[in-house]
Amino acid sequence: MKNKTIFIWDIHWCYKELKLLIKKLNLNKEDKVFFVWDYINKWPKSYKVIKYLYKNREQFSWILWNHDLEFINNFNSKKLTHSDKKLKNKLLEHPKVLKYFQNLPLYIDDNNFILIHWWLNPKKTLEKQTALELTNIREIDWKPWYDFYKWKKKIIYWHWALQWIHIRENTIWLDSWCCYWKYLSAYILETWELIQQKALKTYVEI
């Protein structure tokens, strides 16, 4: 098979499941993996996830999402939670990892797809989208933003948990609730193949 373009959704603190899913994917050195957020926020293995993605940054790509932005914006304030303070202290011990994390992009515009966090206003060019729009807003005139999306490139996005798995002609979203005793999901763009790893335990009760 030719080189694969892979998207992985909804990591949260499921570090062990992430490692098992990567093993299932049987990556070669030319495969590219894009992570569709949920790296941090209140969870005990946030730094392990960040460190793992950073260590493999030549092959793994990721962008900022709303919790990342909130954490970064409050980095030097008193608004951080107890667990975020622990993450901050860990990152301060590893300045290269911290700098890389702080400078992640808000989106990735590839030849074959656009990777965003949550939302895109189809009436504006990608360059004119604001951080607030890309990370926090999901409706236009009370309708889902993707109802208005007619661009040719596929949109890979996240952050609408109640949708579960939502694949349309040109928008793809696969939050499969690993932290709620479901699955961690990976999607292969070239083959439309869905690879999943069952959660090892229930981390959060619904």
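Rule-based calculations on the coordinates, nothing more; no lab input. Computed from a prediction, not measured in an experiment: that's the story for all the values here. Here the Cβ is made from the backbone with ideal geometry for all residues, glycine too, and neighbour counts use every protein chain on show.
Considering only the other residues whose Cβ falls under 12 Å of the Cβ of LYS150, what net charge follows from Lys and Arg at +1 and Asp and Glu at -1? Working shown, then result.
On the way: positive: LYS123, LYS152, LYS153, ARG168; negative: ASP147, GLU169.
Residues close to LYS150 contribute a combined charge of +2.
Please compute the alpha carbon radius of gyration of segment 1-145, then divide it by the globular-protein estimate 2.2 N^0.38 Å. Two decimals is fine.
Numbers: Rg = 16.1 Å, N = 145, 2.2 N^0.38 = 14.6 Å.
Against the compact-globule rule of thumb, the ratio is 1.10.
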Q. To the nearest µm²/s, what D does Stokes-Einstein give for segment 101-153 at 4 °C and 1.567 mPa s, using the Kirkwood radius over alpha carbon pairs as Rh?
A. 110
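May I ask for the net charge around LEU126, where only other residues with Cβ less than 10 Å from the Cβ of LEU126 are counted and Lys, Arg are +1 while Asp, Glu are -1? Spell out each step's value before the answer.
Working: positive: LYS124, LYS128, LYS153; negative: ASP109, GLU127.
Neighbour charge sum, excluding LEU126 itself: +1.
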Q. Once the Cβ-Cβ distance between ASN103 and PHE148 is put in as r, and R0 is 35 Å, what FRET efficiency do you end up with, to the nearest 0.05?
A. 0.65
(Q) Using the basic label-point model (7 angstrom from Cα toward the beta carbon), what is the LYS32 to THR191 distance in nanometres? (A) 1.9
Q) What distance in nm separates the simple spin-label points at ILE140 and LYS123, each placed 7 Å from Cα in the Cβ direction? A) 0.7
Q.
Rounded to the nearest 5, what % of DSSP beta bridges with both residues in segment 5-198 are antiparallel?
A. 55
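Give the Kirkwood hydrodynamic radius (Å, one decimal) of segment 64-206, defined as one over the mean of 1/r across all pairs of different Cα atoms. The partial results should precede the final answer.
Details: mean 1/r = 0.0582 Å⁻¹.
Value: 17.2 Å, from the Cα pair sum.
Nothing charged except the Cβ atoms of Lys and Arg (+1) and of Asp and Glu (-1): what's the magnitude of the dipole of segment 49-110 about its Cα centre? Round to the nearest 20 debye. Kindly include the intermediate steps, with their values, before the conclusion.
On the way: 11 positive and 7 negative charges, 100 e Å.
Using only the charged Cβ atoms, the result is roughly 480 debye.
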Q) If the cut-off is 20 Å between C-alpha atoms, which lysines fall inside it for LYS90, apart from same-chain ones fewer than 8 positions away? A) LYS16, LYS42, LYS45, LYS48, LYS51, LYS55, LYS78, LYS79, LYS99
Q: Taking GluC sites (Glu not before Pro) as candidate sites, keep only those in a DSSP loop with at most 16 other Cβ atoms within 10 Å, then name the longest stretch of the chain containing none of them.
A: 94-168
